[in-house]
Amino acid sequence: MNQYRPVPPPVPEEMDEHYMRLAIALAKKAAEEDEVPIGALIVRGDEIIAAASNLREHRKCATAHAEILAIEEACRALGGWRLHGCTLYVTLEPCAMCAGASINARLDRVVYGAYDRRFGALGSLCTLSDLPFNHALKVRAGVLEEECRALLSDYFKAKR
């Protein structure tokens, strides 16, 4: 089980833009498949252990957010539900469901690009990571924010 494996040092902040660019590539792929362009990946040490994009429309499922799918994949890859030593990169600020899943999965960090003023639960609408849960989640917001926001804006302009 992963909780007994040695936990590598956390991803250094200077790598955040690199990994966010990979999440942006996943978001672009989602847009090509007519999904809201949100990409997420989970990194442990220097290894990408999970990558996903939004699949709500294809799966017709409210919980098929990129973050949830990436967390599920990471749990399978590590053989357990505790994702100690892992960082989630996502192009849009997680909603309450995804922020809660990040806390429950014991992720070390969440790094996101664009703020979500309507649904964001890690800094915009509310900040779940500030509540006294038994796990402290570190959050870094606004990494490559303009690129992440442009993906969403362009997608919704094309839909109108």
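Restricting attention to region 113-153, report how many residues are touching a residue at least 12 places away in the same chain (Cβ under 8 Å) and among the acidic types (D, E).
3
Test A70 against the criterion of being within 16 Å of the chain's Cα centre (by Cα) and hydrophobic (A, V, I, L, M, F, W, C), and give yes or no.
yes
Among the numbered criteria (1) free of Cβ contacts under 8 Å to residues at least 24 places away in the same chain; (2) assigned to a strand (DSSP E or B), which single criterion is violated by C61?
(2)
When you scan region 73-106, how many residues do you find that are out of contact with any helix residue (DSSP H, G or I) (no Cβ under 8 Å at 6 or more places or on another chain), crowded, with 23+ Cβ neighbours inside 10 Å and within 16 Å of G45 (Cβ to Cβ)?
Going through region 73-106 one residue at a time, the tally reaches 1.
Under 7 Å between Cβ atoms, at least 6 apart or on separate chains: pull out the pairs that start in region 81-109 with a residue that is in contact (Cβ under 8 Å) with a residue 40 or more places away in the chain and end on any residue that is assigned to a helix (DSSP H, G or I) and charged (D, E, K, R).
Filtered contacts from region 81-109: L88/E67; V90/E67.
Let's see how each residue does on (1) surrounded by 18 or more Cβ atoms within 10 Å (Cβ to Cβ); (2) modelled with pLDDT of 95 or more; (3) assigned to a helix (DSSP H, G or I):
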position: G120; (1), (2), (3): yes, yes, no
position: N134; (1), (2), (3): no, no, no
position: G142; (1), (2), (3): no, yes, no
position: E147; (1), (2), (3): no, yes, yes
position: L151; (1), (2), (3): yes, yes, yes
position: K157; (1), (2), (3): no, no, yes
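Sort out which residues of region 26-52 are open to solvent by 60 Å² or more (accessible area, probe 1.4 Å) and either part of a helix (DSSP H, G or I) or of a type in the set (G, A, S) (or both), and write them in order of number.
K28, K29, E32
List every residue pair whose Cβ atoms lie under 8 Å apart, where the two residues are 6 or more positions apart in sequence or sit on different chains, the first residue falls within region 16-30 and is under 15 Å from A141 (Cβ atoms), and the second residue, located anywhere, is open to solvent by less than 60 Å² (accessible area, probe 1.4 Å) and in a helix (DSSP H, G or I).
From residues that are under 15 Å from A141 (Cβ atoms), the pairs are M20/C148.
Among the numbered criteria (1) crowded, with 21+ Cβ neighbours inside 10 Å; (2) in contact with a helix residue (DSSP H, G or I) (Cβ under 6 Å, 6 or more places away or on another chain); (3) outside any loop (DSSP other than H, G, I, E, B), which single criterion is violated by A70?
(2)
The values are calculated or read from the model by the stated rules, or taken from the named source; none is laboratory data. Keep in mind it's a predicted model, so treat the numbers as computed, not measured. In this analysis, Cβ positions are derived from the backbone assuming ideal geometry, glycine residues included, and neighbour counts consider all displayed protein chains. Just the protein is used for accessible areas: all its heavy atoms, side chains included, with ligands, DNA and RNA removed. Shrake-Rupley method; radii C 1.70, N 1.55, O 1.52, S 1.80 Å.
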